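Q: I am attaching a structure below and will ask some questions about it afterwards.
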Amino acid sequence: MASKPQAHRLAALRAELAKRNLDGFVVPLTDEHQSEYVAEYAQRLAWLTGFTGSAGTAVVLKDKAAVFVDGRYTLQAAEQIDPKLFDIVSVEKTAPLEWATRNMKEGETFGFDPMLHPMARTEQAKAGFAAAGIKLVEADGNPIDAVWTDRPGEPNAPVVSYEVKYAGETSADKRARLAKALKDQGAAAAVITQLDSIAWLFNIRSGDVLHTPVSLAFAVLGQDGHATLYLDPVKVTSALKAHLGNEVAIEAKAKFLSGLKTLGQGGKKVLADPNTASTAIFEALLAGGAKIVRAMDPCALPKARKNAVELEGTRAAHLRDGAAVTNFLHWLSENAPQGGLDEKKAAAQLLAFRKATGALLDLSFNTISAAGPHAAIPHYRMTDESNLPIEPGSIYLVDSGGQYFDGTTDITRTVAIGEAADEPKERFTRVLKGHIAIATATFPKGTTGPMLDSFARRPLWEAGLDYDHGTGHGVGVYLAVHEGPGRISKAPNTVALEPGMIYSNEPGYYKAGAYGIRIENLVVVQAGPKAAERDMLSFETITFAPIDKNLVKTELLTGPELAWFNAYHREVRDKLHALVRLEARPWLEAATAPLKVT
Ligand SMILES: [Mn+2]
């Protein structure tokens, strides 16, 4: 620990805070767009604490500091964070606000960067701090940036058009559709701040953020369908201008906040999403005199409801990707049992099979290649130091995905290397039962994610088990692998599932220090089946790759569950047979042959 730089960095930050008369400061892991995955320049949490998980928050006080992580990351945080510098706090048990108010004194001052916190959260924090007699103040420029002397600059990858043959709808048509919705909401304009919303609305893609093909930008959409796109001038090419057309004005990103002040003049009604637009954006609008219409990002739902072209593309991407994963599973079955493989070699081989499709543009997130106990860390990130061998007799988990022009994939398979013990097989079968419960669910129109979430957990709950992550997240089309606004999880969410939405179906089970299990396919919400009275919805599974039969205890499956499993494997076999390598075909046949009741 002594050689790590975090002690110096924390001390430097504290000195900077003292200079600014701040007694506390919060460090979220996000950027000015509330992105989940952020570019290097915004990796302030990792720089300060050493923690590299994809979600977390640090709070730094004068004599105490803490990092707040969720259940996916408690083990990883313990491995990466120096406990002499930071307490590791479970965010499910104690929220950062609660911890800060408890550890601060009345009359003290707590700072935050108004570009990094959505308005709704700031208002909540303001009330919480006020109740504790603590003053919440906006930092003038992020104090971390003042002491992070070699902080990388913002990326400026080229911006390219996303062809309508993939998008299924032109940007002009999307803007016209949204403009009509704005009118209905009584708003003259909307501020769009989420990067995947901007990429979707303008049919553009880029490479500013690792694994998510978006460009750092802001946008304002007018009630007439005209828009302003705020973008770093170095990214603006004549091809981009031609693609955007003359209804889209391009402005420098640096002019965004001043542009909002002008926009609000004369008490104009401007829509902004308090859950995703930052505090600074609300303040700029208010400073200009705008009346703010608080509503969800108008792109969020239309983007989540995929059109027929997007669905056709994403199905094709999933077959291509499923064949690559199947080639990998075959390779693993031939090479793992004799030993000699490790997490890194396996991830590299899976990447090679994806690249061999000739269509891979990027991975959709860092491959989770987890051997034995590492699989118990749901979002384990392999490093050179952590790289474990894949041992015969162990269980290996691989969660990965690809970015293709026509779709984004996300698939997890858990594989027995040789013969597995009884307990992991029993738990795997329970996870599989939960997976099948989601895959086969029929539910009335209006059903929300949390209502479905417990379907996936019932077989685990029956054995006194559970998992500390959501069952499903939305997925974009050549966009973010985690996409809102809906979620299938325990966390409250009021977004109804609608036809065309893509979700993951990924229940799991984790035994700390021993093994981990997750089975993940993507599903599309579809209308039907025809039912007696209500309009019903159901899921179409679009991910195809064998699920390891060696981990299934057939006697724990009901007749309908076994029928689903065998029918799924028949589909995997039929769809992938011609797509996998010749040498993988006999293995595919065997891996998808029906399970029989013994
Ligand atoms: Mn997933």
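Q: Evaluate E = 1/(1 + (r/R0)^6) for S238 and T383, where r is the Cβ-Cβ distance and R0 equals 51 Å; express this FRET efficiency to the nearest 0.05. Kindly include the intermediate steps, with their values, before the conclusion.
A: Values: r = 42 Å, r/R0 = 0.83.
With R0 = 51 Å, the Cβ-Cβ based efficiency is 0.75.
Q: Please report the carbon-and-sulfur percent of the accessible area for the chain; probe 1.4 Å, protein heavy atoms only, DNA, RNA and ligands left out.
A: Details: 12690 of 23840 Å².
Here carbon and sulfur together make up 53 percent of the probe-accessible area.
Q: Sticking with this structure for a sec: Shape verdict for segment 482-562, please, from the Cα gyration tensor: rounded (a/c under 1.5), prolate (a/b greater than b/c) or oblate. Walk me through the intermediate numbers first.
A: Details: a/c = 2.15, a/b = 1.39, b/c = 1.54.
The shape class here is oblate.
Q: Have a look at T414, P389, L432 and report the one farthest towards the positive end of the charge dipole of segment 320-440, computed about the Cα centre with Cβ charges (Lys/Arg +1, Asp/Glu -1).
A: About the Cα centre, the residue reaching furthest to the positive side is L432.
Q: How far, in nm, would the chain grow between A287 and Q265 when pulled straight, counting 0.36 nm per residue and subtracting the alpha carbon separation? Don't skip to the answer; put the middle values down first.
A: Working: separation 22, 0.36 × 22 = 7.92 nm, distance 0.89 nm.
Difference between extended and current length: 7.0 nm.
Q: Give the lysines reachable from K253 as a straight Cα distance under 27 Å; neighbours fewer than 8 places away on the same chain don't count.
A: Result set, ordered by chain and number: K174, K180, K183, K235, K241, K261, K268, K269, K291, K303.
Q: Give me the distance in nm between label points sitting 7 Å out from Cα along the Cα-to-Cβ direction at D466 and K530, one decimal.
A: 4.2 nm
Q: Please figure out what share of the DSSP beta bridges in the chain is antiparallel and state it in percent, rounded to the nearest 5.
A: 75 percent
Q: Got a sec? Charge dipole of segment 449-514, +1 on Cβ for Lys and Arg, -1 for Asp and Glu; which of L460, G476, A491 is way out at the positive end?
A: L460
Q: Please give the charge dipole size of the chain, origin at the Cα centre, charges +1 on K and R Cβ atoms and -1 on D and E Cβ atoms. Round to the nearest 20 debye.
A: Working: 65 positive and 70 negative charges, 171 e Å.
The dipole magnitude comes to about 820 debye.
Q: Same structure, new question: Between K575 and E106, 0.36 nm times their residue separation minus their Cα-Cα distance comes to what? Intermediate values should be presented prior to the final figure.
A: Numbers: separation 469, 0.36 × 469 = 168.84 nm, distance 6.51 nm.
So the extension gain works out to 162.3 nm.
Q: Go through K93/K126; K433/K596; K165/K306; K105/K135 and tell me which ones have a Cα-Cα distance over 18 Å in this structure.
A: Going by Cα-Cα distance, K93/K126 fall outside the 18 Å limit.
Q: Please give the length that would be gained between E391 and K183 if that part of the chain were fully extended, namely 0.36 nm times their separation in residues minus their C-alpha to C-alpha distance (nm, one decimal). Walk me through the numbers on the way to the answer.
A: On the way: separation 208, 0.36 × 208 = 74.88 nm, distance 6.09 nm.
Taking 0.36 nm per residue and subtracting the Cα distance, the gain is 68.8 nm.
Q: In addition: For segment 1-130, what is the charge dipole size about the Cα centre, in debye to the nearest 20, if Lys and Arg each add +1 at the Cβ and Asp and Glu each add -1 at the Cβ?
A: Working: 15 positive and 17 negative charges, 80 e Å.
Roughly 380 debye for segment 1-130.
Q: Please list, by residue number, everything in segment 309-336 whose backbone N is under 14 Å from a paramagnetic label point 7 Å out along Cα→Cβ of R585.
A: Taking a point 7 Å out along Cα→Cβ of R585, no residue of segment 309-336 has its backbone N under 14 Å.
Q: In addition: According to a simple spin-label model (label point 7 Å from Cα along Cα-to-Cβ), what is the distance in nm between A130 and A352?
A: 6.2 nm
Q: Another question, if that's okay. Roughly how many Å is it from the Cα centre of segment 489-533 to that of segment 178-223, as a whole number?
A: 27 Å
Q: Now a separate question. Rounded if a/c is under 1.5, else prolate if a/b is larger than b/c, else oblate: which is segment 1-137, with a ≥ b ≥ c the root eigenvalues of its Cα gyration tensor? Write down the numbers at each step before the final one.
A: Working: a/c = 1.44, a/b = 1.26, b/c = 1.15.
Judged from the Cα gyration tensor, segment 1-137 comes out rounded (a/c under 1.5).
Q: Given the rule -39500 (n - 2.57) for each run of at least 4 DSSP H residues, summed and divided by the residues of the chain, what is its mean residue ellipticity at 222 nm, to the nearest 500 deg cm²/dmol?
A: On the way: 19 runs with 206 residues, N = 598.
One gets -10500 deg cm²/dmol as the mean residue ellipticity at 222 nm.
Q: Ok, one more. Rounded to the nearest 10 degrees, what's the angle between the helix 422-439 long axis and the longest principal axis of the chain, both from Cα atoms, 0 to 90?
A: Between helix and principal axis, roughly 60 degrees.
Q: May I pose another question? Whole number in Å², please: accessible area per residue of the chain, 1.4 Å probe, ligands, DNA and RNA not counted.
A: Numbers: 23840 Å² over 598 residues.
Solvent-accessible surface per residue comes out at 40 Å².
Q: At 7 Å along Cα-to-Cβ for each site, give me the label-to-label distance between K596 and A18 in nm.
A: It works out to 7.7 nm between the two label points.
Q: Given the options T314, A290, V325, identify the residue whose Cα lies farthest towards the positive end of the charge dipole of segment 228-351 (+1 on Cβ of Lys, Arg; -1 on Cβ of Asp, Glu).
A: It is A290.
Q: Taking the mean number of other Cβ atoms within 10 Å as a proxy for protection, how do you rank 119-130, 304-315, 542-553 from highest to lowest?
A: Details: 119-130: 16.8, 304-315: 18.6, 542-553: 20.5.
Answer by packing, highest mean first, reads 542-553, 304-315, 119-130.
Q: Same structure, new question: What's the angle, to the nearest 10 degrees (0 to 90), between helix 6-19's Cα axis and the longest principal axis of the chain?
A: 20 degrees
The values are calculated or read from the model by the stated rules, or taken from the named source; none is laboratory data. Keep in mind that this is a model prediction, so the values were computed, not measured. With ideal geometry, Cβ positions are generated from the backbone for all residues, glycine too; neighbour counts draw on all protein chains shown. Note: areas computed on protein heavy atoms with side chains; ligands, DNA, RNA excluded. Shrake-Rupley method; radii C 1.70, N 1.55, O 1.52, S 1.80 Å.
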